[in-house]
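Trainee: Sending over a structure as structure tokens; questions will come in a sec.
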Amino acid sequence: MNAQTEKRLVPGPAGQIEVAIDLPPDGTTLLGTALICHPNPTQGGTMDNKVVQTLARAFIQLGWRAVRFNFRGIGQSQGGWDEGRGEVDDAIAVLEAVRPPGEALILSGFSFGGYVASRAAQRITEPAQRLVLVGPATSRFDTAPVPADTVVIHGEVDDVVPLQAVLDWARPQSLPVIVVPGVGHFFHGQLPLLKSLVVRAFDPARA
């Protein structure tokens, strides 16, 4: 994402996993790790997706270590597409490799990555402090129920995951959804607004 991005390979269930780590500016108190899961790898999703990088920038601004990674079979990550099952395993493996025990955690994801984050949240032994899901692929993958304080952001005119599908998933949970008017799945032209919405959800004074 920038010159300070640290790239490394960590062990995963299907082989090595490619990881990118960005830290807040020097002098910032590190609050914990924010894991960001990328969109569907069968449709070109990678850890360098613009929405994923926007989430990373938001978390860095808030004082969190931003951790992006490529699912199996993408970039330098070994293995192949596992229809969402193994990809959740990948997320857990990355956490185990880069997050110090007991450190605070944010789980986040865009599109398919939102599904992965929701499922990973059910499996980790130490609960995430919060989840952030952008355009979660609720119409395509069995996205898990999430905690009441989860931040869900969706475009009004999303043509990949219809807004109605997200509302239908959120309704039984009484879960609020932040709807961005006139915006599609990839938030074209509205990435600064997306970053601001995430920052504002955690620290209104910084937005």
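Trainee: Only one residue in VAL67, VAL52, VAL88 is open to solvent by less than 10 Å² (accessible area, probe 1.4 Å), in contact with a helix residue (DSSP H, G or I) (Cβ under 6 Å, 6 or more places away or on another chain) and touching a residue at least 40 places away in the same chain (Cβ under 8 Å). Which one?
Mentor: Only one candidate qualifies: VAL67.
Trainee: Of the numbered conditions (1) assigned to a strand (DSSP E or B); (2) open to solvent by 10 Å² or more (accessible area, probe 1.4 Å), PRO192 satisfies every one except a single condition; which is it?
Mentor: Result: PRO192 fails condition (1) only.
Okay, residues lined up against (1) in contact with a Leu (Cβ under 6 Å, 6 or more places away or on another chain); (2) under 26 Å from ALA104 (Cβ atoms); (3) of a type in the set (Asp, Glu); (4) not in a loop (DSSP other than H, G, I, E, B):
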{"residue": "PRO145", "(1), (2), (3), (4)": "no, yes, no, no"}
{"residue": "ASP149", "(1), (2), (3), (4)": "no, yes, yes, no"}
{"residue": "VAL152", "(1), (2), (3), (4)": "yes, yes, no, yes"}
{"residue": "ASP158", "(1), (2), (3), (4)": "no, no, yes, no"}
{"residue": "ALA165", "(1), (2), (3), (4)": "no, no, no, yes"}
{"residue": "VAL179", "(1), (2), (3), (4)": "no, no, no, yes"}
{"residue": "HIS188", "(1), (2), (3), (4)": "no, no, no, no"}
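Trainee: Quick one: count up the residues across the range 57-100 that are under 23 Å from THR42 (Cβ atoms), of a type in the set (Gly, Ala, Ser) and more than 13 Å from the chain's Cα centre (by Cα).
Mentor: The qualifying residues number 8.
For every residue, the table says whether it meets (1) over 13 Å from VAL134 (Cβ atoms); (2) over 19 Å from the mean Cα position of the chain (by Cα).
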site	(1), (2)
GLY155	no, no
VAL160	no, no
GLN164	yes, yes
PRO176	yes, no
PRO192	yes, no
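Trainee: Is there a residue being farther than 16 Å from ALA93 by Cα and assigned to a strand (DSSP E or B) anywhere in the range 44-58?
Mentor: No, the range 44-58 has no match at all.
Trainee: A further question on this structure: So ALA137 clears everything in (1) touching a residue at least 60 places away in the same chain (Cβ under 8 Å); (2) out of contact with any Asp or Glu (no Cβ under 6 Å at 6 or more places or on another chain); (3) surrounded by 21 or more Cβ atoms within 10 Å (Cβ to Cβ); (4) not in a loop (DSSP other than H, G, I, E, B) except one condition, right? Which one?
Mentor: With (1) touching a residue at least 60 places away in the same chain (Cβ under 8 Å); (2) out of contact with any Asp or Glu (no Cβ under 6 Å at 6 or more places or on another chain); (3) surrounded by 21 or more Cβ atoms within 10 Å (Cβ to Cβ); (4) not in a loop (DSSP other than H, G, I, E, B) applied to ALA137, the lone miss is (4).
Trainee: Just to check your reading of the model, which residue among ARG206, ARG119 is touching a helix residue (DSSP H, G or I) at 6+ places or on another chain (Cβ under 6 Å), closer than 23 Å to ASN70 by Cα, open to solvent by 10 Å² or more (accessible area, probe 1.4 Å) and charged (D, E, K, R)?
Mentor: Among ARG206, ARG119, only ARG119 is touching a helix residue (DSSP H, G or I) at 6+ places or on another chain (Cβ under 6 Å), closer than 23 Å to ASN70 by Cα, open to solvent by 10 Å² or more (accessible area, probe 1.4 Å) and charged (D, E, K, R).
Trainee: Within the range 101-110, does at least one residue satisfy the condition of being surrounded by 15 or more Cβ atoms within 10 Å (Cβ to Cβ), of a type outside the set (Lys, Arg), under 18 Å from LEU191 (Cα atoms) and without any contact (Cβ under 8 Å) to a residue 60 or more places away in the chain?
Mentor: no
Trainee: Continuing with this model, one more query. How many of the residues in the range 103-134 are among the polar types (S, T, N, Q) and not in a helix (DSSP H, G or I)?
Mentor: Of the residues in that region, 4 qualify.
The values are calculated or read from the model by the stated rules, or taken from the named source; none is laboratory data. Nothing here was measured: the structure is a model prediction, and the numbers come from that model. Note: ideal-geometry Cβ built from the backbone for every residue, glycine included; neighbour counts use all protein chains shown. With ligands, DNA and RNA removed, areas are computed over all heavy atoms of the protein, side chains included. Shrake-Rupley method; radii C 1.70, N 1.55, O 1.52, S 1.80 Å.
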